[in-house]
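Note sheet for the following structure.
The values are calculated or read from the model by the stated rules, or taken from the named source; none is laboratory data. Keep in mind the model is a prediction, meaning the values are calculated, not measured. As a convention, Cβ positions derive from the backbone with ideal geometry for all residues, glycine included, and neighbour counts pool all protein chains shown. Heavy atoms of the whole protein, side chains included, go into the accessibility calculation; ligands, DNA and RNA do not. Shrake-Rupley method; radii C 1.70, N 1.55, O 1.52, S 1.80 Å.
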Amino acid sequence: MARVTTEQKMLQMATHNIRLRALGHAAIGIWVQLISYIIEYGTDGVLVPGNGGAPTLEEIAAVGLRMDVTELVTHLETYAETQLITHDRTVGTIGLPGALMPSRKALAARENGKKGGRPPKHHNPKPQDDPRQRTAIMGIAGGKDMATETQCETHDPKLSLEVNNNLKAKPAAQDVDAVFRVLGRKAWERAGFDPARDRGNWGLVRQWVADGMAEGLSASEIERLVMDVVGRLADRERARGKDGQKIDHMGYFNKAVAKAIAERDIPALVCTTEAEFAADAAYQEAHRQWVLDAANGSDAPQPRREDFIARARVAA
């Protein structure tokens, strides 16, 4: 039986791990990059940034992930909470999750190898074959210095918006208005307001739409997210009866909606027909292939589940 490498296990987690998939596509891509750095520069599944030629967290953030280091730390804390990465802020280490850690047999073999063995066939190996070079400093493309490379990478207009939240595109006003016209009153009524009796308005929903679009969410994703948050909170307060908090305006939902957008907490589309279930299966395969291609450097756009299901519904 062929040995499954750590890289193969990583890709299997990226496509099948429920906790990781729940974080969204952008978080999956960042996680894959971090795991790759740990595998390449770490020792026995643990990376000490900036030690022994390994890149620092700042270098990983700016050059590797094209984001601010504080944003990277936030991602690390999220991954640590869900046991997708081990992260010790006290000593500054990041490590592989338990599912990807080297086996005891592999660690024992590595320790035995450090104690000696048969001398190498060539006493003066080439640099690329010299084990002493395995912890070389991370290369910078084209021989540029770090400052030049970082500046070039950070201002590259082709950067993925889902990876670099510091360079969010401002959504077009007409796109925001189009979604707002459909969603505004719908969310307001779902909150429990009566058009014939209540004077409150749903103007705040427009800001939620703009914020969602700035994060790369589609109109369908924004609608599902907003309706889910508003519905859950409104139903919760109504269920509490006299002990529930009276909802006087849409601002009551503001923090919860903002949190859901930041965490990409988007309810999934529900499949109801055979064609939709087939479309969902096609999406799963397309997304699996996208993760594999992304790990090999592809910058192809991520497939969207809603696009597959929408096409199935139109065809029906």
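Shown for the range 173-263: the carbon plus sulfur share of the solvent-accessible area, taken with all protein chains present and a 1.4 angstrom probe, equals 48%.
For the range 173-263, a simple Cβ point-charge model (Lys and Arg +1, Asp and Glu -1, everything else neutral) yields a dipole of about 420 debye relative to the Cα centre. Percent of alpha carbon pairs in the range 6-95 separated by more than 22 Å? That fraction is 19 percent. Annotation for LEU292 and GLU263: the two label points, set 7 Å from Cα along the Cα-Cβ direction, are 3.3 nm apart.
Model label sites at GLN207 and ALA22, defined 7 Å from Cα along the beta-carbon direction, differ in position by 2.9 nm.
How large is the dipole of the range 274-315 about the Cα centre if only Lys and Arg carry +1 and Asp and Glu carry -1, each at its Cβ, rounded to the nearest 20 debye?
Here the size comes out at about 60 debye.
Straight-line cross-link partners of LYS255 among the aspartates and glutamates, defined as a Cα under 15 Å from its Cα and at least 8 positions apart when in the same chain: ASP211, ASP228, GLU263, ASP265. Think of each Lys and Arg Cβ as +1 and each Asp and Glu Cβ as -1; about the Cα centre, that makes the dipole of the range 244-316 roughly 300 debye.
If you plug the beta carbon distance of ALA178 and ASP198 into 1/(1 + (r/R0)^6) with R0 = 25 Å, you get a FRET efficiency near 0.50.
In the range 173-263, Cα pairs under 8 Å separated by at least six residues give a relative contact order of 33 percent. Once you have a ≥ b ≥ c as the square roots of the Cα gyration tensor eigenvalues for the range 1-44, tell me rounded if a/c is under 1.5, and otherwise prolate or oblate according to whether a/b is larger than b/c. Because a/c hits 1.5 or more and a/b fails to exceed b/c, the range 1-44 counts as oblate.
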